[in-house]
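I have placed the structure first, in the form of structure tokens, so that the comments after it can refer back to it.
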Protein chains: 2
Amino acid sequence: MSNPAPFKIDACVSPYLYPVYKSKDSIVVIIDIFRATSAICTAFEWGAEKVIPVSSVEEARTYKEKGYLTGAERDAVQVDGFDFGNSPYHYMDERIKGQTLVITTTNGTQAIDVSKDAYKVVIGSFLNIDALCSWLVKQERDILLLCSGWKNKFNLEDSLFAGAVTEEILERSDRYQHGDGCLALKYLYQMAKQDPIKFLNYSYHKERLAKLNLKKDIRYCLTPNQTEVIPVLENGALVRMKQLVDC
Amino acid sequence: MSNPAPFKIDACVSPYLYPVYKSKDSIVVIIDIFRATSAICTAFEWGAEKVIPVSSVEEARTYKEKGYLTGAERDAVQVDGFDFGNSPYHYMDERIKGQTLVITTTNGTQAIDVSKDAYKVVIGSFLNIDALCSWLVKQERDILLLCSGWKNKFNLEDSLFAGAVTEEILERSDRYQHGDGCLALKYLYQMAKQDPIKFLNYSYHKERLAKLNLKKDIRYCLTPNQTEVIPVLENGALVRMKQLVDC
């Protein structure tokens, strides 16, 4: 084989930086560990049929007025007047089974919005990491790990997850050429993986969440493999990927 | 003291991401280890009076035609018709003593351009790291470490230097609150510092430079404390900072 690594994997640490990394042929993995993508994976595990991500609280309110179950979070707090915030625990709720939900969050839904024209956009979190990585390596396609960050700045927990996925993909296949971004985050994850909660002790967002008494959320969002669902963007809405059997 | 950490330190991994981090009150440290900021520090150590950074090759050519000594690099290679590229070794040249040089590079001069309205813009490299950190902690001001990256993407060598500076600053003073970006890069540097050349073995740009037979440059650019000069931007040109005596 003339080129043993025909596919690329890299990480982009902020939605703001996405134009620099964008490629219409890549699979983009949206990452917002605390807590949008963890909440979205949980919603599907609890039976949601569809999740419509919207960028603004106003847009979410329009859906709410039409009768949709809606989640809205800003600055890590649930917005008044909505059914849910972005805690995964909010979505462990029998009401959501078979429903279409609408969600807006500070960072995660913005990341989905900027990357919506990529070949495929999927949702990643520690909660579905194994299913996600198994699916990714089967696609034989470039992968971009898009960290939502915090208000477009680098954040530690999304970076750790991007590093964890990079490690998995490079272990499972030698057909990926890695960029410096995901390589650095892989090293970071390797430092952290023995005790990610301790590692995140000094992160900015962890402090923010701790102030809001969200330690239980933090612990859950860092727990691997709570679901095999991979949410995928189709026609502007996230749906459950149906491929695990036929790919 | 009500707030024991009144100053902020953070790292921005790409000039493209700078608008997210910008603050007119910060000192911005421009980082382009392979090789623009290493070359600029070397030029001052060898007696350059002034270095005018310009963004385009065309602009550099105009200065060249006026008789200035000019350096121009694109894609890690010296542009034809100029006196220097961006190898530090090019600037170990008696001709530059007392001269005003003009330099354009793929990444470093763009980073200077985007941040030019900050409180102060200084040039950092391993070659002046100790002098730089000593000066920074004395300023009692927010610090932003701006990595030039590679064509606006994250790169490993600039990130390592940002991590090294973060470690130094946090060790020398407890008056800095760190962002997640510089915290991650500090961890990365701590993994790398025993043998940074080995650590960089898998980086994208190292491969690029190795192909161009620049191993000697790489080794030199990673050698700490070859100069005490801190180049600082004043009225669009870099000059030698005069403060080391009086601050």
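The values are calculated or read from the model by the stated rules, or taken from the named source; none is laboratory data. Bear in mind that the values here come from a model prediction, so they are computed numbers and not experimental data. Cβ sites come from the backbone with ideal geometry, for glycine too, and all protein chains shown count toward neighbours.
Okay, here's what the table says:
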| quantity | calculated |
| --- | --- |
| Selection from segment A:136-145 of residues that are more than 13 Å from chain B (Cβ to nearest Cβ) and either part of a strand (DSSP E or B) or touching a His at 6+ places or on another chain (Cβ under 9 Å) (or both) | A:Ile143 |
| Residue list for segment B:121-155, restricted to those being modelled with pLDDT under 95 and of a type in the set (A, V, I, L, M, F, W, C) | B:Trp150 |
| Extreme residue, modelled with the lowest pLDDT, among residues of segment B:98-120 that are buried (at least 24 other Cβ atoms within 10 Å of the Cβ) and assigned to a strand (DSSP E or B) | B:Thr104 |
| Any chance B:Leu244 is closer than 17 Å to B:Leu127 by Cβ, modelled with pLDDT under 90, touching a helix residue (DSSP H, G or I) at 6+ places or on another chain (Cβ under 6 Å) and part of a helix (DSSP H, G or I) | no |
| Pick from segment B:1-25, criterion hydroxyl-bearing (Ser, Thr, Tyr) and within 14 Å of chain A (Cβ to nearest Cβ), ranking: farthest from B:Gln139 (Cα to Cα) | B:Tyr16 |
| Some residue of segment B:177-189 being touching a residue at least 60 places away in the same chain (Cβ under 8 Å) and more than 18 Å from A:Ser159 (Cβ to Cβ) | yes |
| Residue within segment A:64-76 that is of a type in the set (Lys, Arg) and over 21 Å from the mean Cα position of the chain (by Cα) present | yes |
